[in-house]
Amino acid sequence: MTTLTELHDWHRDLRAQFPIITGNPDRAYLDSAATSQKPRAVLDAVQRYLTTANANAGRGTYTWANATTALVDRTRTRVARFLGDPAPQQHSGVHFVSGTTEGLRTVARDWLPHHLRDGDEIIVPFADHQANALPWLEAQRLLAGQGVRITVRELPYDPASHDYDHRALAGLVTDRTAFVAATHVHHVYGGDMNVHRIRAAVGPDVPICLDAAQSVGHLPVDVGTLDVDFVVFSGHKAMALPGTGAVWARNTRGPVFTPGGWNGTPNTCGIAALEAALDWLDAAGPDRVRRWNTALAARLTDGLRTLDPYEVLGCRSSLAADSRVQQREGIVTFRHRGIGSNDLGFVLDSHGLMVRADGHCQARAGERESSVRVSLHVYNGPEEIDRLLSVLRGLR
Ligand code: PMP
């Protein structure tokens, strides 16, 4: 039985839990890599929090203030457990941020400068999201101003598979390599970047920071197996509210991560949403979520392969139906050879198909031309993929 048939009832029950989806049957939301829709359980948790316990956290000592402080502490542990941390808070810590961008910038601003020494080298990606390139360059500039010279090297890519070139990476590592930044799932090509091989390539001592914006909430993320030092993600892409996200820090390689500055009041109702979202995702089953999303993506690439005017970006060999190469993790990006991507985006919207059409915030080594990205989640179904393919087929 195919995954889409096997998980059909599971998907139908989950889809029914998204009011914005069921309330708009003529529209297909195909931009979950930008932000996810929210299930009723998350909306209810926010409503419940704001109508029963709303107060500030970490300040007052009355009932609602204590309940809010407990919510924030509990959700820290919840995040760590969701990421497979076997002993939350023994060394590790969770810091709430507004999303992956702020999380990566916080690591670059508040941790990296304490870790690096004059002459150190760091290895970072330049064809991933710019949020995973610019903060490291900012840190390099900041340190240069203090007389500390850091060399920034590009995390090598294999142009055929669009995966990192783990062998070339091993060749870049020297005794001055002090930090590696990587991405778990690519936000344009949709590939799992096999980050477990990075640890093997760089050895046991180099801290690794993982941009998990497109993996948390989409597939099981386990800090035990990945052996990375930071996991940074956006809660709003994982069913929680906008303005939520977290940095998980292992705190065993290099200095302890202690975000500085005066942060003031935390996003308490966002944290209530994040707690409910992680409960919801665990109940849905991250493994089934992954199987569903990759099966939908495969249906789309299978269809696009037969349509001559379209070029799918990323790994070519994983397009074949019998490919042994891994599938796209719910993200498929393509271009029409004759129609500009922005025009294509408008046309698709006029058919109720909401996709992303632009350069997708890729860093400097990314695509030069814009493209159309379709990104899926559990509320999307095969009929939406078929509808999209049928519109694409009809375009001249
Ligand atoms: N990294 C990746 C891989 C992303 O896909 C995104 C969002 N498109 C970000 C970082 C930035 O996330 P946010 O906008 O939530 O800060």
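Key figures
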{"item": "Efficiency of FRET from Cβ geometry, Glu383 and Met1, R₀ 22 Å, rounded to 0.05", "result": "0.75"}
{"item": "Relative contact order [Cα under 8 Å, 6+ residues apart], the range 204-254, whole percent", "result": "37"}
{"item": "Top of Gly145, Gly261, Gly99 by mean-square fluctuation, Gaussian network on the chain, Cα under 10 Å", "result": "Gly261"}
{"item": "HN-Hα J in Hz across the range 228-245 - Karplus 6.51, -1.76, 1.60, θ = phi - 60°, x for Gly and Pro", "result": "9, 9, 9, 10, 10, 8, 9, x, 5, 8, 10, 6, 8, 6, x, x, 10, x"}
{"item": "Point-charge dipole on Cβ atoms (K/R +1, D/E -1) for the range 1-95, about Cα centre, debye to 20", "result": "340"}
{"item": "³J(HN,Hα), Karplus 6.51/-1.76/1.60, whole Hz, each residue of the range 38-55, x for Gly, Pro", "result": "10, x, 4, 4, 6, 4, 5, 4, 5, 4, 4, 4, 6, 9, 10, 8, 4, 7"}
{"item": "Residues His377, His166, His218 arranged by fewest to most Cβ contacts within 10 Å", "result": "His166, His377, His218"}
{"item": "Three-way shape label, the range 209-264, alpha-carbon gyration tensor, a/c 1.5", "result": "oblate"}
{"item": "Size of charge dipole - the chain - debye, nearest 20, with Cβ of Lys, Arg +1 and Asp, Glu -1, no other charges", "result": "320"}
{"item": "Residue among Thr151, Thr35, Thr68 with the largest mean-square fluctuation in a Gaussian network model of the chain, springs linking Cα atoms under 10 Å", "result": "Thr151"}
{"item": "Proximal charge balance of Asn66 [Cβ under 11 Å; K/R count +1, D/E count -1]", "result": "0"}
{"item": "Translational D in µm²/s for the range 1-128 (Stokes-Einstein at 37 °C, 0.692 mPa s, Kirkwood Rh from C-alpha pairs)", "result": "171"}
{"item": "For the range 45-283, with +1 on Lys and Arg beta carbons and -1 on Asp and Glu, the positive-most of Ala246, Gly84, Leu169 along the dipole", "result": "Ala246"}
{"item": "Whether the range 45-283 is rounded, prolate or oblate, judged on the alpha carbon gyration tensor where a/c under 1.5 counts as rounded", "result": "prolate"}
{"item": "The chain: relative contact order in percent, alpha carbon pairs under 8 Å with at least 6 residues between", "result": "23"}
{"item": "Estimated dipole of the range 32-191 in Debye, rounded to 20 [Cβ of Lys and Arg +1, of Asp and Glu -1, Cα centre]", "result": "700"}
{"item": "Burial ordering of Lys237, Lys38, fewest other beta-carbon atoms within 10 Å first", "result": "Lys38, Lys237"}
{"item": "Considering only the range 112-208, percent of DSSP beta bridges that pair antiparallel, nearest 5", "result": "25"}
{"item": "Most mobile listed residue (Ala284, Ala297, Ala53) in the chain, GNM with C-alpha springs under 10 Å", "result": "Ala53"}
{"item": "For the range 113-129, 3J(HN,Hα) per residue [Karplus equation, 6.51 cos²θ - 1.76 cosθ + 1.60, θ = phi - 60°, Hz, x = Gly/Pro]", "result": "x, 7, 8, 8, 10, 3, x, 5, 10, 10, 10, 9, x, 10, 10, 9, 5"}
{"item": "Helical mean residue ellipticity (222 nm; -39500 (n - 2.57) per DSSP H run of 4+; nearest 500) of the chain", "result": "-11500 deg cm²/dmol"}
{"item": "Residue exposure sequence - Thr225, Thr101 - by fewest surrounding Cβ within 10 Å", "result": "Thr225, Thr101"}
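Coordinate-derived values only; no laboratory data. Computed from a predicted model, the values in this text were never measured in an experiment. Note that each Cβ is placed from the backbone with ideal geometry, even for glycine, and that neighbours are counted across all protein chains shown.
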